[in-house]
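What follows is a short report on a single structure.
Taken together, the values in this text are just the output of simple stated rules run on the coordinates, not laboratory data. Source: prediction; values computed, not measured. FYI the Cβ positions are ideal-geometry reconstructions off the backbone, even for glycines, and counts take in every protein chain you see.
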Amino acid sequence: MLETLYQEIILDHYRHPRGRGHLEPPKIEHEGANPLCGDEITIELRVEDGRVSAVRFSGQGCSISQASASMLTEAVEGKTLEEVRQLIAQVYAMLKGESEPDPEVMGEIAALAGVRNFPVRVKCASLAWHVLEDALRQVNGSSQ
Amino acid sequence: MGQTGLSIQKRHPIGYYFLSQTKSLGVTIMKALQSVIEAYQIRRQFPYFQPHPEMRSLIYLDNAATTQKPYAVIEAVSHFWAYHNANVHRGAYGVGAKASEMYESARARVAQFLNASNPNEIVFTRGTTESINLVAYSWGMSQIREGDEIIVSEMEHHANLIPWLQVAQAKGARLVVWRITDDGRLNLDDLRNLLSERTRLVAITHISNVLGTVNPVQAICEMAHFAGALCLVDAAQSIAHMPVDVQAIGCDFLAFSGHKTYGPTGIGVLYARYELLQSIPPFLTGGGMIRSVDWDGAQWADPPAKFEAGTPPIGEAIGLHAALDFIDTIGREAIEAYEHELTQYTLQRLQEVPGLRLYGPQPDRAGIFAFTLEDIHPHDIATVLDNFDIAIRSGHHCAHPLGDRLGVPSTARASIGIYNDTEHIDALIEALHKVRKVFGYA
Ligand SMILES: Cc1ncc(COP(=O)(O)O)c(C=O)c1O
């Protein structure tokens, strides 16, 4: 069961995070934390013509929270806001065990489904996505 | 009281084996073997460690967070709910009188356990946190003045920190921090420099819930008194692991929780010198704590009733009584000696794990082991251990300032209780090697 949680792909994102860093302004920035375990994630993104043109994350925390953020940056860059919102909903559904991940849509993110067997870790995997969701609220009505 | 503990301990095999001073290898092995047998006998007194369809068999190493409950405690509580339930200090009927008697008998038992001179020095609360808040609001808010100083150590749990921050802020007083040494101890010379005529209180933990440091509370109280200050001891982590005698310590206030004492949640104790309880205003007000009341005001009941507004946790107090009986049947000196041996064994074995960094002093310390492993996040360590059926804690352990001092926001923490043995520690070490492997360090 441990192998489903700590899949190679997750550990790889943890050790070699993609999209870690910062953006120059103009950007939207949002930060979130998991006070119980101390995971912290900040997401910075730029939206141009209704698309996420660039996204970075920073923060600290466990392998799952950091790998999830790393995967997020790869997955959302270039997507329209609508596509991103759909993806977020699909990730939540997957983490809650409400739906099986569709590898076509999810790609590597599907690996995060392993947390379903570890209820206390679901929050770690979802943190970055919550931060992204909140960040997108700032977009509403502005650049879209 | 200490007397009782000692005579029971002499009869009890744990005392025999672990109090022996012999150091040869054969004896060490004998001791380890004996520890496994003894701890097994103790685990048999806990349903938590018996096979059950709802239970997964677990090596429980999170005793600093809460301890498991023996049958004796669970039965005492359920017996009370089943056959003696009534509110206390109210009903004229017999059952009510019996409930009151059981509740007051629990108070007397706590007084005896702490060697307090008078059961009326024992106030029942919901736990350590509430006990300390009681002192902060009743004593602190009424006695602390602008410019006064309250000394707290850098290793305090938030429960013995935030209430004092609140008092200091409200009263314009200063919170003075007694810093720890690099190896996680408190230096009495440093305290000497911090104490002054402005000091009103030294609030100190008996055992650190992160570092396992056992603080010399007796000397600390003496120094506080010499400076004209009072001393509060947070005994949450010591009470179930060593003899705690309020008269020997000389503290003015002492707090602990039932649930870290093999007893129920929702019950805690504040010990305070009787004159103090008499002189300070109540904390919560309402039923059960007044002598008389009219539209012009109220007269408070005598302590401890003055501090027990509302219906108290009656069944929980009775459960605590049973828990203290359980502890004394084993003997606190015997428990201390046993856990000391197991602690030494654990320290030695933890050294075998490459990349493991243990916080706190060595070798003199209590059985609480906060550590980091390579740069693996403590949350990940705990998850992997959980997968091998070992329960430990990860996080900041409600001591943020200490985490800042140590330079680690979070650590993994294993903590032992009377039912743990060397096999549990062996399993922990083996699993830590597996953690390394999962994260590519082996
Ligand atoms: C040293 C110390 N003080 C206070 C507390 C708070 O105890 P409770 O949560 O039972 O009030 C704890 C519990 O973790 C502790 O370890």
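Of note:
- Cβ neighbours within 10 Å from other chains - mean over A:1-8: 3
- Average other protein chain Cβ within 10 Å of Cβ, residues A:64-71: 1
- Within the shell of other residues whose beta carbon sits under 11 angstrom from the beta carbon of B:ASP148, the net charge comes to +2, with Lys and Arg scored +1 and Asp and Glu -1.
- Global form of chain B, assessed from the alpha-carbon gyration tensor, a/c cut-off 1.5: oblate
- For the pair B:GLN344 and B:THR181, a Förster radius of 30 Å applied to the C-beta separation gives a FRET efficiency near 0.90, rounded to the nearest 0.05.
- With a 10 Å cut-off around each Cβ of B:370-382, the average count of Cβ atoms from other chains is 4.
- The simple Förster model, with R0 at 30 Å and r as the Cβ-Cβ distance, assigns B:GLN299 and B:GLN169 a FRET efficiency of 0.45.
- FRET efficiency, 1/(1 + (r/R0)^6) with R0 35 Å, evaluated for B:ASN115 and B:TYR93 via beta carbons: 0.50
- Two tests apply to each whole DSSP H helix in chain B, Cα reach of 18 Å or more along its axis and mean Kyte-Doolittle hydropathy of at least -0.5, and the ones passing both are B:25-43, B:94-114, B:314-330, B:422-438.
- Taking a sphere under 15 Å around the Cβ of B:LEU211 and counting the other residues whose Cβ falls inside, with K and R at +1 and D and E at -1, yields a net charge of 0.
- Here the simple spin-label model places points 7 Å from the Cα toward Cβ, and for B:LEU284 and B:TYR71 these points are separated by 3.4 nm.
- Straight-line cross-link partners of B:LYS98 among the lysines, defined as a Cα under 23 Å from its Cα and at least 8 positions apart when in the same chain: B:LYS306.
- Computed about the Cα centre, the dipole magnitude for the protein assembly as shown is approximately 940 debye when only Lys and Arg (+1) and Asp and Glu (-1) carry charge, each at its Cβ.
- Expected 222 nm ellipticity per residue - DSSP helices of 4 or more, -39500 (n - 2.57), all of chain B, to 500: -12500 deg cm²/dmol
- Residue among A:ALA125, A:ALA67, A:ALA93 with the largest mean-square fluctuation in a Gaussian network model of chain A, springs linking Cα atoms under 10 Å: A:ALA93
- Counting charges near B:ALA64 (Lys, Arg +1; Asp, Glu -1) among other residues having Cβ under 10 Å from its Cβ returns a value of +2.
- The simple spin-label model puts a point 7 Å past each Cα toward its Cβ; for A:ARG85 and B:PHE226 those points are separated by 7.0 nm.
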